[in-house]
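Just below is one structure, and these are the notes that go with it.
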Amino acid sequence: MSGESSVTTSRALGEDVAAVRRLLLRMTIVSADTTMDVEALGGGVSSDIVKVTLPGRTLCVKRALPKLRVAADWHAPVVRNRYELAWLRAAAGIVPGHVPAVLGEDAEAGAFAMEWLDPGDHPVWKALLRDGHVDVDTAAAVGDVLGRIHAATADRPAVAAAFATDAIFAAIRLEPYLLATGARHPDLAATLERLATVTARTKRVLVHGDYSPKNILIGPAGPVVLDAECAWYGDPAFDLAFVLNHLLLKGVWRPAARGRYLDAYAALVDAYRQHVAWEPWPALDARTAALLPGLLLGRVDGRSPAEYLITAADRDHVRHFARTHLASAVPNVATLAARWARAA
Ligand SMILES: Nc1ncnc2c1ncn2[C@@H]1O[C@H](COP(=O)(O)OP(=O)(O)OP(=O)(O)O)[C@@H](O)[C@H]1O
Ligand SMILES: [Mg+2]
């Protein structure tokens with residue numbers, strides 16, 4: 001997420017080898033004299049993420065920033081790291097091999113270490129999509145992994161209790177995407193509020209919360225899912241709408257591949273729905289189709305606009321489509337995709 005004003009200059013892990021060593025010492029992964037090389041991997045405003053090369057092995061350390069880099073992204077970063085770790089562990093038991101293995105944890109510091117996945121054979125899905133590599137089997141696998149996680153956690157009180165992150169989810173997902181967008185579209189504000197309320201109240205599965213192509217690596221054995229800082233026990237429609245939203249928007253970014261993104265969208269939905277047994281698929285389909293235009297509008301006029309919607313014409317196109325389908329929702333995601341294809 002982005003924000004306006006810098007409030008602190010806490011030292012990045014990538015520049016602080018001693019701090020990385022202290023974390024790995026506490027995780028008993030290194031000793032005081034292990035040689036190591038530390039490289040920053042970017043990371044967002046609430047986390048630091050580094051690649052650590054040790055003799056004979058490479059790993060990745062992610063740490064919540066003790067203070068935030070921007071004022072707008074304020075919400076409890078250390079706690080988010082703990083939920084991310086809990087999500088990785090839960091998912092590892094359901095879809096082994098589709099999340100990085102956790103190697104160590106320092107709960108006090110809000111940090112964990114995980115297996116390093118080499119970008120050479122684990123490209124980010126977003127980059128593949130951007131470059132026109134739109135593989136329907138990959139999209140199906142992304143839907144399958146999500147469906148398996150949702151199905152395995154559906155109506156499980158212990159999982160619900162472990163991920164009772166309603167306040168965080170409201171602050172970092174529902175507010176920026178839906179409620180902030182309503183402030184820019186007063187005639188649709190009540191509709192967007194209703195979508196936020198329905199989403200918040202639908203507590204059925206373990207939601208990833210940021211199921212986006214930028215957080216999914218495509219490895220030799222299929223998708224590997226990262227970045228579960230927004231994990232929440234709630235509405236499966238959120239994850240499904242979130243990832244489908246990206247596949248619609250990619251068609252604005254790369255118009256030549258628009259049809260292939262829609263093939264990927266259909267394949268993802270098809271694979272996902274095979275796992276839906278906790279509620280009738282038409283009910284979940286309808287919630288997803290209602291929510292998706294809200295998320296679309298959120299990427300134009302919410303707090304986290306898509307960086308690749310550059311021209312006013314592109315933004316107007318998405319805005320018009322989203323507004324039309326917020327005002328009058330379609331009953332399922334297939335109809336929404338057909339309308340999107342026609343609107344091109
Ligand atoms: N285990 C890993 N192995 C290899 N690369 C990784 C691993 N984890 C993360 N990365 C790389 O670091 C990037 C950022 O990771 P992640 O999304 O978890 O951090 P973030 O701070 O939430 O970043 P952002 O705000 O950009 O989403 C990923 O897109 C990926 O390229
Ligand atoms: Mg990320």
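Starting from the Cα gyration tensor of the range 13-115, take the square roots of the eigenvalues, sort them a ≥ b ≥ c, and report rounded, prolate or oblate (rounded when a/c is under 1.5, otherwise prolate if a/b is larger than b/c, else oblate). Oblate shape, in that a/c is at least 1.5 and b/c is the bigger or equal ratio.
Starting from a Cα-only point model with no solvent, please compute log10 I(q)/I(0) by Debye for the chain at q = 0.10, 0.11, 0.13 1/Å. Taking Cα atoms of the chain as identical point scatterers yields -0.59, -0.72, -1.01. Per residue of the chain, the DSSP helices (runs of n ≥ 4 H) give a summed -39500 (n - 2.57) that works out to -15000 deg cm²/dmol at 222 nm. Helices that extend 20 Å or more along their long axis by alpha-carbon positions and average at least -0.5 on the Kyte-Doolittle scale are, among the DSSP H runs of the chain, 77-94, 136-153, 236-253, 258-273, 281-301. Modelled spin-label separation between A158 and L117, with each label point placed 7 Å from Cα along the Cα-to-Cβ direction: 2.6 nm. Packing, taken as the mean count of other beta carbons within 10 Å per residue, orders the peptides 264-270, 155-161 from highest to lowest as 264-270, 155-161. Mean silhouette area of the range 151-283, derived from the convex hull of its C-alpha atoms and averaged over all directions, reads 9.4 nm². Of the solvent-accessible surface of the chain, computed with a 1.4 Å probe and all protein chains present, 54% belongs to carbon and sulfur.
Based on protein heavy atoms only, the chain ends up with 41 Å² per residue of surface accessible to a 1.4 Å probe. From most to least packed by mean Cβ count within 10 Å, the peptides 285-298, 108-121 give 285-298, 108-121.
Within the range 54-187, the percentage of alpha carbon pairs spaced more than 18 angstrom apart rounds to 70%.
Here the calculated FRET efficiency for R184 and A327, from their Cβ-Cβ distance with R0 = 22 Å, stands at 0.90, rounded to the nearest 0.05. Note on exposure: K250, K51, K214 ranked by accessible area (1.4 Å probe, complete protein assembly) read K214, K51, K250, with the most exposed listed first. Spacing of the modelled spin labels on R11 and I310, each 7 Å from Cα toward Cβ, amounts to 3.9 nm. Separation of the range 100-139 and the range 240-298, taken as the distance between their Cα centroids, equals 21 angstrom.
Pull out the extension gain between D137 and A92, defined as 0.36 nm times the separation in residues minus the alpha carbon to alpha carbon distance; nm, one decimal. Write down the numbers at each step before the final one.
On the way: separation 45, 0.36 × 45 = 16.20 nm, distance 2.17 nm.
Full extension of this stretch gives 14.0 nm more.
Using bins of 10 Å that start at zero, the share of Cα-Cα pairs per bin across the range 231-336 amounts to 14, 47, 32, 6, 0, in whole %.
The values are calculated or read from the model by the stated rules, or taken from the named source; none is laboratory data. Bear in mind that the values here come from a model prediction, so they are computed numbers and not experimental data. When we count neighbours, we look across all protein chains shown, and the Cβ atoms used for this are built from the backbone with ideal geometry, even at glycine. Surface accessibility is based on the protein's heavy atoms, side chains included, excluding ligands, DNA and RNA. Shrake-Rupley method; radii C 1.70, N 1.55, O 1.52, S 1.80 Å.
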